[in-house]
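Peer 1: The structure's right below; bear with me while I get my questions together.
The values are calculated or read from the model by the stated rules, or taken from the named source; none is laboratory data. It should be emphasised that the depicted structure is a prediction, and the values quoted were computed from it without experimental measurement. Here Cβ is always computed from backbone atoms with ideal geometry, including for glycine, and neighbour counts include all displayed protein chains. Heavy atoms of the whole protein, side chains included, go into the accessibility calculation; ligands, DNA and RNA do not. Shrake-Rupley method; radii C 1.70, N 1.55, O 1.52, S 1.80 Å.
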Amino acid sequence: MEQYDMDAYGPAQMAVRVEKAGIVKGNRDFLSTFTLAMMAGAFIGLGAVFFTYVIHDSTLSVGLTKLIGGFVFSLGLILVIITGAELFTGNNLIVMAFVSHKITFGQLLRNWGIVFVANLVGSLIIVFLVSLSGQWTAGGAAVGVKALLIANGKVNLTFWQALSRGILCNILVCLAVYLCFSGRSVTDKILAILFPITAFVALGFEHSIANMYFIPAGLLLKSNLTVMAAAKDLLGATPDLSNLTILGFTLNNLLPVTIGNIIGGTFFVGIAHWFLFLRPAAVEPIRKLMTVGPPIVDQSMTVTEAVKIMKQEGVSSVLVGEPGQVNGIVSEADVVRKVVAQEMNAAHVQVAQIMTSPIISVDIATPVYKIYRTMAEHHIRHLLITENGVQVGFVSVKDLIAKPMF
């Protein structure tokens with residue numbers, strides 16, 4: 001019966017999966033990318049609509065209100081991840097495929113450009129539909145007033161406030177997306193999303209795609225007489241909306257927030273995790289552990305001669321066979337258990353009689369955890385290491401214990 005692994009993917013596996021996803025995204029055709037990105041913009045917009053409605057009449061403390069708001073806003077990214085939509089902020093992680101030279105810089109920018117524009121289109125579609133729905137003016141226009149005040153607050157941030165909040169936001173958003181690559185089920189992914197997204201919303205950080213709904217909604221509401229009258233009644237005066245303009249939207253918010261999102265997602269999450277798990281030294285940690293180019297002896301050689309070679313070369317094992325055709329391995333432990341303990345004459349015993357065979361080989365890029373797993377599954381203590389199909393060394397349990405990578 002086929003067995004299914006229910007454990008979450010480990011950090012190194014997650015990095016590889018994110019990189020592979022980046023390759024797919026970087027090579028996706030224009031129409032598919034644009035359509036998926038429009039969906040993502042719409043999904044984030046729906047999360048923003050849900051957020052606004054839930055918190056508009058809250059009588060709870062500010063902290064609890066924002067906590068609940070962040071929780072419900074998570075709907076947006078849940079829809080994006082589960083449907084496979086293309087979200088600009090999450091796609092900052094494509095940089096991992098770029099720095100691994102799996103996609104070009106042009107492919108990276110092409111994806112970001114298409115997705116950013118399409119996210120805007122999807123967000124504006126939701127703004128338009130909500131404006132037609134009458135939701136903003138229902139119940140004394142309290143929902144519309146809240147949406148207006150949210151938008152106005154965003155366009156009145158300083159450049160550095162918007163930039164820093166954008167950085168902090170996309171650190172959390174990209175971590176949410178990254179954590180989803182550890183999951184094997186829809187439930188895993190939803191749980192991975194909830195806490196980081198709730199945190200970024202509750203803390204008031206800035207998300208460029210969410211703001212593509214929030215601020216255009218405010219621009220429409222600014223000309224809605226019912227909402228403006230309700231805002232004046234609620235605040236006791238007409239709110240100052242001088243910065244709530246298209247220019248205020250693009251220059252005061254969208255530009256610095258987008259730059260911040262790119263910095264946070266690309267450098268603090270994408271490149272950081274590439275450095276930890278995908279750079280050559282991290283991908284090939286076994287290179288530092290293995291015994292390089294161990295001596296190979298003929299099957300007819302005696303154990304006495306093999307032990308002399310071990311001593312001369314300063315190694316604890318020799319391979320048995322011919323270059324490119326290894327049949328087994330003889331270690332000091334084999335000599336002790338199979339010759340000395342049996343009181344046999346080492347000068348009359350051939351290495352072929354005591355070698356461990358067959359010897360399993362793995363590629364040099366194999367993660368250390370897979371080396372451990374392979375040894376445990378096959379009940380062996382040595383593995384042959386190959387690079388591009390050519391033997392370059394071997395690794396033993398002793399090597400792993402003597403030079404742990406963790």
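Peer 1: Between 0 and 90 degrees, rounded to the nearest ten: what's the tilt of helix 303-313 against the longest Cα principal axis of the chain?
Peer 2: 50
Peer 1: Follow-up question, since we're still on this one. With viscosity set to 1.002 mPa s at 20 °C, what whole-number translational diffusion coefficient in µm²/s follows for the chain from Stokes-Einstein and a Kirkwood radius over Cα pairs? Write out the running numbers ahead of the final one.
Peer 2: Values: Rh = 24.8 Å.
Estimated via Stokes-Einstein, D reaches 86 µm²/s.
Peer 1: Which whole-number percentage describes the relative contact order of the chain, with Cα contacts under 8 Å and a sequence gap of 6 or more? The partial results should precede the final answer.
Peer 2: On the way: 674 pairs, mean separation 69.1, N = 406.
Taking the mean separation of contacting Cα pairs over the length of the chain, I get 17 percent.
Peer 1: Okay, moving on. Taking just the alpha carbons, could you work out the radius of gyration and Dmax for the stretch 259-406, both in angstroms?
Peer 2: Looking at the stretch 259-406, its Cα Rg and Dmax stand at 19.3, 74 Å.
Peer 1: Continuing with the same structure: Of Gly166, Phe71, Ile44, which is farthest on the positive side of the dipole of the stretch 38-178, counting Cα position, with +1 on Lys and Arg Cβ, -1 on Asp and Glu Cβ, and the Cα centre as origin?
Peer 2: It is Gly166, whose Cα lies furthest towards the positive end.
Peer 1: Can you give the Rg to Rh ratio of the stretch 9-73, both from alpha-carbon atoms, with Rh computed by the Kirkwood formula? Walk me through the numbers before you get to the answer.
Peer 2: Working: Rg = 17.8 Å, Rh = 14.7 Å.
My calculation puts Rg/Rh at 1.21.
Peer 1: Which value, in Å² rounded to 10, gives the accessible area of Tyr53 with a 1.4 Å probe and all protein chains present?
Peer 2: 120
Peer 1: What fraction of the DSSP beta bridges in the chain is antiparallel, stated in percent and rounded to the nearest 5? Walk me through the numbers before you get to the answer.
Peer 2: On the way: 16 of 21 bridges.
That works out to approximately 75 percent antiparallel.
Peer 1: Keeping all protein chains in position, work out how much accessible area Phe275 exposes to a 1.4 Å probe, and write it in Å² to the nearest 10.
Peer 2: Taking all protein chains as shown, Phe275 has close to 110 Å².
Peer 1: If I take every Cα pair under 8 Å that is 6 or more residues apart in the stretch 276-406, average their sequence separation and divide by the length, what percent do I get for the relative contact order? Write out the running numbers ahead of the final one.
Peer 2: Working: 200 pairs, mean separation 37.8, N = 131.
Normalised by residue count, the contact order of the stretch 276-406 is 29 percent.
Peer 1: Let me ask another. With unit charges on the beta carbon (Lys/Arg positive, Asp/Glu negative), name the residue among Ala333, Asn345, Leu255 whose Cα is farthest towards the positive pole of the charge dipole of the chain.
Peer 2: It is Leu255, whose Cα lies furthest towards the positive end.
Peer 1: Quote to one decimal, in nm, the extra length available between Leu64 and Asp298 on full extension: 0.36 nm per residue of separation minus the C-alpha distance between them.
Peer 2: Values: separation 234, 0.36 × 234 = 84.24 nm, distance 7.43 nm.
That pair, Leu64 and Asp298, stretches by 76.8 nm at full extension.
Peer 1: Hey, another quick one. What does the charge dipole of the chain about its Cα centre add up to, to the nearest 20 debye, if the Cβ of each Lys and Arg holds +1 and the Cβ of each Asp and Glu holds -1?
Peer 2: Values: 26 positive and 23 negative charges, 158 e Å.
With Lys and Arg at +1 and Asp and Glu at -1, about 760 debye.
Peer 1: Convex hull over the Cα atoms of the stretch 1-136, averaged projected area in nm²?
Peer 2: On the way: hull surface 47.7 nm².
Mean orientational projected area (the stretch 1-136, Cα hull): 11.9 nm².
Peer 1: For the stretch 110-168, place one equal point scatterer on every Cα, skip the solvent, and apply the Debye formula. What is log10 of I(q)/I(0) at q = 0.30 Å⁻¹?
Peer 2: -1.05
Peer 1: Can you give me the C-alpha center-to-center distance between the stretch 162-191 and the stretch 39-92, rounded to a whole angstrom?
Peer 2: Taking the Cα centre of the stretch 39-92 as reference, the centre of the stretch 162-191 is 13 Å away.
Peer 1: Moving to a separate point now. Charges only on Cβ, +1 for Lys and Arg, -1 for Asp and Glu: so what's the dipole of the stretch 147-247 about the Cα centre, in debye to the nearest 20? List each step's numbers first, then the result.
Peer 2: Numbers: 6 positive and 4 negative charges, 28 e Å.
That gives a dipole near 140 debye.
Peer 1: Let me ask something else. Let me have the relative contact order for the stretch 121-254, percent, based on Cα pairs under 8 Å that are six or more residues apart. Walk me through the numbers on the way to the answer.
Peer 2: Numbers: 144 pairs, mean separation 50.7, N = 134.
Reported relative contact order: 38 percent.
Peer 1: For the stretch 109-215, which trypsin sites (Lys or Arg not before Pro) are in a loop by DSSP, counting at most 16 other Cβ atoms within 10 Å?
Peer 2: Answer in residue order: Arg184.
Peer 1: While we're on this one: Rounded to whole Hz and in sequence order, give me ³J(HN,Hα) for the stretch 68-80 from the Karplus expression 6.51 cos²θ - 1.76 cosθ + 1.60, θ = phi - 60°, writing x for Gly and Pro.
Peer 2: Calculated HN-Hα couplings, in order: 5, x, x, 4, 6, 5, 4, 3, x, 6, 4, 5, 4 Hz.
Peer 1: Using only C-alpha positions, report the orientation-averaged shadow area of the convex hull of the stretch 182-267, nm², one decimal. Please report the intermediate quantities before stating the final value.
Peer 2: Working: hull surface 31.8 nm².
Mean projected area for the stretch 182-267: 8.0 nm², to one decimal.
Peer 1: Ordering His378, His348, His273 by accessible area with a probe of 1.4 Å, largest first, what comes out?
Peer 2: Working: His378 95, His348 145, His273 35 Å².
Largest accessible area first, the residues go His348, His378, His273.
Peer 1: List, largest first, the extents of the alpha carbons of the stretch 334-406 along their principal axes, each in whole Å.
Peer 2: Projected onto the principal axes, the Cα atoms of the stretch 334-406 cover 40, 27, 21 Å.
Peer 1: Lys/Arg Cβ at +1, Asp/Glu Cβ at -1, dipole of the chain taken about the Cα centre: which of Ser242, Ala282, Ile114 is farthest positive-ward?
Peer 2: Ser242
Peer 1: Whenever you get a sec, compute what percent of the accessible area on the chain sits on carbon and sulfur atoms (1.4 Å probe). Numbers along the way, then the final one.
Peer 2: Values: 12560 of 19510 Å².
Result for the chain: 64 percent of the exposed heavy-atom area is carbon or sulfur.
Peer 1: Another question, then. Per q in 0.26 1/Å, what log10 I(q)/I(0) does a Debye calculation on the alpha-carbon atoms of the stretch 58-135 return?
Peer 2: Once normalised to I(0) and log-transformed, intensities are -1.16.
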